[in-house]
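Trainee: The structure under discussion is supplied below as structure tokens; questions concerning it will follow.
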Amino acid sequence: MTPREAPALLVSAAAAPLLVVLVSAAAGLAAYSPLDALYLVLREPGVLAPAGGLGEPYYVAHVGPTLLVIVKGVDMGCVANSVAVALAAALLATVAAVAAAGLAYLYSSARRVLAATLPVSMLSFPFVEAYVVKRLLSVDYGVPALLAGHGVPVVVVPRGLVGVAIYEAVAVAPYAVAVVFASSLSVPREEVEAAVQLGARGLRLLRLLASLVKPAIVTSLVFGAILVLDDVSGPIVFSDDPLARGLLSYRAYRYFISAATGEVDTRGLGYSLLLLLVSAPLIAAMLALYRRLGDVAAAAVPRGAPLRGGLAVAAAEALLMAPPLLVRSLSLLYAFTDEWLRSPLPRLGLEPWRQLLRHPDLLRAALNSAAYSLVVSLSALLLVASAAWVAGRAAGLASSLVSTLFTLPALLPGLVVAYGLYGAYAGRGGLLDPLRSPVPLLLLGYYTRRSPLLFHAALAASRAIPSSLYEAARGLGARPLRSYLATVAPLLAATLLPPLGYMALSVAGEVSLSVTIGGLGGAEGLHHPAPLMYLVASYMGYSGLKYAGVCAAATLAAYAAALAAVYAGSALYLALLRKSYR
């Protein structure tokens, strides 16, 4: 094997599953006459324009002396509804992210608060956290009820599209903070210190920092909008309001259910294609932005904050991080709650875990998701890390091609990938037929959509590894693959343990593929292949109030099992690497 053949082999091995998914999805979508599907959907009432008019954006009700203003938004048609919710949520999350990241960059006290709150804020509990937001906004037993009970004269109650937008903003805010803060670390401290010397303080400093991280702010807006357009958990949980059912992701999901019988409803395909068309400008913008932002993030190093700050700054940072932290903390707390209905605070207990033992389908689904996380994460560690090393050493078109190949699938809406993969393989027999055995196709989809999380971390790590180590092994006569396994792979594996753990959590909590392809094999008893999120969607859609606790417990169990399995597998991989070159 020549030095040129080894990188080609590594990249081919890592990129092959991504190419398979992209080509298969394109073929699968084309198999169902996409133009006919789009034409059928665009003719449906309520898609491009409201079926019954805009409706009233709000209405009022009286509870004793309190005036309740229920704000639900207006029906502008399915496409406009989805775009409006995505942009509003992304904008709200990005504004909060700029303030939180800016304070953390400028003040040491704010940075300590961010370091303590961000990891918990990024621990996602799909469906459960949407229900937590819905419960907090409830007029019956949420914050509005609490305010009305204390005699507040006017209380605003979000519902419908407004409620979904608020949930989505809370859900994507931690990721927006991470993007903006990572970019801010590359800003030369001297520029901020010079502004401080000239008397800049508070908002003026934040405006200065915002002007220096504009690419990150735009990236946060674009990426946040992509995440919101693809999310189906929020619309499902808020679907008791008709406006929440008028979103593209919800309609595409609802029509996929018929796929279990071997047929895909043409309208579902049309909605998924419409979702892809709406997302296409955002995806193109993200591809144009990510390379510049990736170079900045790779060069960024943690620096001491130029200002010490104080209690007021720390309190402001805590206030900005409070919404996502509160929602994720309450979602986690739901797993240890006996009863949480009429009181602002739950009653702690272990009833959800007792319920989990009485629901073998949920227990099996949690174990399934942990096993899928293990397979996907370790496969990515073996393949994606090698591709990142090659891409990090390459230059020009080759590096850009590999990076784009690993980034694009993560930006495609998961429902579009699900429809495409189903159309490409359903009814054809063989290992990838989702009607006979959905697990291989599900794993392939997971790998494709989540491997970019590890790839970009591995790319930054590989650039920090001196290439002289690899070249020294080559100079001693080792072949290219042997040199990589003996010098680079152990360093990458040890460095990538935190992002690998986050990837495992992301696979276990993946929604779009789980609630579609993941449910094609059935979900009953102790011997089903369905992932956890498919069961959680079923339980929460049926009665979120009754099953939120046990779903939170099952999610936490899946996360714990996935982390334990992945870290054990990584330790075994490291041990085998070390043994192989001794």
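The values are calculated or read from the model by the stated rules, or taken from the named source; none is laboratory data. Remember, predicted model here, so these are calculated numbers, not experimental data. No Cβ is skipped: glycine too gets one built from the backbone with ideal geometry, and neighbour counts run over all protein chains shown.
Trainee: Can you name the condition, by its number, that VAL11 falls short on among (1) at pLDDT 65 or above; (2) of a type in the set (Val, Ile, Thr); (3) in the same structural domain as ALA489 (by TED's automatic domain parsing)?
Mentor: If we test VAL11 against (1) at pLDDT 65 or above; (2) of a type in the set (Val, Ile, Thr); (3) in the same structural domain as ALA489 (by TED's automatic domain parsing), just (1) comes out false.
Trainee: Collect the residues in region 217-246 that are touching a Pro at 6+ places or on another chain (Cβ under 6 Å) and either within 22 Å of ALA182 (Cα to Cα) or not small (Gly, Ala, Ser) (or both), keeping them in residue-number order. Steps first, answer last, please.
Mentor: Looking only at region 217-246, we keep the residues that are touching a Pro at 6+ places or on another chain (Cβ under 6 Å), and these are 230, 233, 244.
Within region 217-246, ASP230 is the sole residue that qualifies.
Trainee: Hey, another quick one. How about region 135-147: which of its residues are farther than 24 Å from ALA84 by Cβ, at pLDDT 80 or above and either of a type in the set (Phe, Trp, Tyr) or touching a strand residue (DSSP E or B) at 6+ places or on another chain (Cβ under 6 Å) (or both)?
Mentor: Answer for region 135-147, where residues must be farther than 24 Å from ALA84 by Cβ, at pLDDT 80 or above and either of a type in the set (Phe, Trp, Tyr) or touching a strand residue (DSSP E or B) at 6+ places or on another chain (Cβ under 6 Å) (or both): just LEU147.
Trainee: Continuing with this model, one more query. Please pick out the residue among LEU106, LEU48 that is in the same structural domain as GLY270 (by TED's automatic domain parsing) and more than 16 Å from VAL228 (Cβ to Cβ).
Mentor: Working: LEU48 fails: in the same structural domain as GLY270 (by TED's automatic domain parsing).
Result: LEU106 is the single residue among LEU106, LEU48 that is in the same structural domain as GLY270 (by TED's automatic domain parsing) and more than 16 Å from VAL228 (Cβ to Cβ).
Trainee: Checking the conditions here, which among GLY525, GLY509 is out of contact with any Gly (no Cβ under 9 Å at 6 or more places or on another chain) and buried (at least 18 other Cβ atoms within 10 Å of the Cβ)? Talk me through it step by step, then tell me what you get.
Mentor: Details: GLY525 fails: buried (at least 18 other Cβ atoms within 10 Å of the Cβ).
The conditions single out GLY509.
Trainee: Let me ask you something else. Return the total of residues in region 338-380 being of a type in the set (Ser, Thr, Tyr) and either over 26 Å from SER121 (Cβ atoms) or surrounded by fewer than 22 Cβ atoms within 10 Å (Cβ to Cβ) (or both).
Mentor: Our first condition is that a residue be of a type in the set (Ser, Thr, Tyr); within region 338-380, this holds for 343, 369, 372-373, 377, 379.
Now restrict to residues that are either over 26 Å from SER121 (Cβ atoms) or surrounded by fewer than 22 Cβ atoms within 10 Å (Cβ to Cβ) (or both): 343, 379.
Count: 2.
Trainee: Select the helices (runs of 4 or more DSSP H) contained entirely in region 478-579, then report the ones holding at least 3 residues which are at pLDDT 80 or above. Give the steps one after another, and end with the answer.
Mentor: On the way: elements: 480-483, 489-495, 497-508.
Hits in region 478-579: 489-495, 497-508.
Trainee: Going by what's in this entry, would SER462 be described as modelled with pLDDT under 80, assigned by TED's automatic domain parsing to the domain that holds ALA26 and assigned to a helix (DSSP H, G or I)? Talk me through it step by step, then tell me what you get.
Mentor: Details: modelled with pLDDT under 80: yes; assigned by TED's automatic domain parsing to the domain that holds ALA26: yes; assigned to a helix (DSSP H, G or I): yes.
Taking the combined requirement at face value, the residue satisfies it.
Trainee: Return a yes/no flag: does region 292-314 have any residue that is modelled with pLDDT of 75 or more, on the phi < 0 side of the Ramachandran plot, surrounded by 14 or more Cβ atoms within 10 Å (Cβ to Cβ) and within 22 Å of the chain's Cα centre (by Cα).
Mentor: No, that holds for no residue.
Trainee: Restricting attention to region 116-173, report how many residues are charged (D, E, K, R), assigned to a loop (DSSP other than H, G, I, E, B) and either in contact with a Phe, Trp or Tyr (Cβ under 9 Å, 6 or more places away or on another chain) or touching a residue at least 60 places away in the same chain (Cβ under 8 Å) (or both). Even if it seems obvious, please write down each step before you answer.
Mentor: In the first step, residues of region 116-173 are kept if they are charged (D, E, K, R); the result is 129, 134-135, 140, 159, 168.
Still in the list and also assigned to a loop (DSSP other than H, G, I, E, B): 140, 159.
Next cut, either in contact with a Phe, Trp or Tyr (Cβ under 9 Å, 6 or more places away or on another chain) or touching a residue at least 60 places away in the same chain (Cβ under 8 Å) (or both) only: 159.
Within region 116-173, residues that are charged (D, E, K, R), assigned to a loop (DSSP other than H, G, I, E, B) and either in contact with a Phe, Trp or Tyr (Cβ under 9 Å, 6 or more places away or on another chain) or touching a residue at least 60 places away in the same chain (Cβ under 8 Å) (or both) number 1.
Trainee: Next question. Please state which of the following conditions LEU185 fails to meet, knowing it meets all the rest: (1) surrounded by fewer than 23 Cβ atoms within 10 Å (Cβ to Cβ); (2) modelled with pLDDT of 85 or more; (3) not polar (S, T, N, Q).
Mentor: (2)
Trainee: Checking ALA100 against (1) surrounded by fewer than 22 Cβ atoms within 10 Å (Cβ to Cβ); (2) assigned to a helix (DSSP H, G or I), which single condition isn't satisfied?
Mentor: Of the numbered conditions (1) surrounded by fewer than 22 Cβ atoms within 10 Å (Cβ to Cβ); (2) assigned to a helix (DSSP H, G or I), the odd one out for ALA100 is (1).
Trainee: Related question: Restricting to region 26-54, what's the tally of residues that are at pLDDT below 70 and touching a Pro at 6+ places or on another chain (Cβ under 9 Å)?
Mentor: 1
Trainee: Out of all the residues in region 192-207, is one or more in the same structural domain as TYR105 (by TED's automatic domain parsing), at pLDDT below 85 and among the acidic types (Asp, Glu)? Give the derivation first.
Mentor: Taking region 192-207 first, the residues in the same structural domain as TYR105 (by TED's automatic domain parsing) are 192-207.
Then keep just the ones that are at pLDDT below 85; that gives 192-207.
Narrowing further to those that are among the acidic types (Asp, Glu): 193.
Yes.
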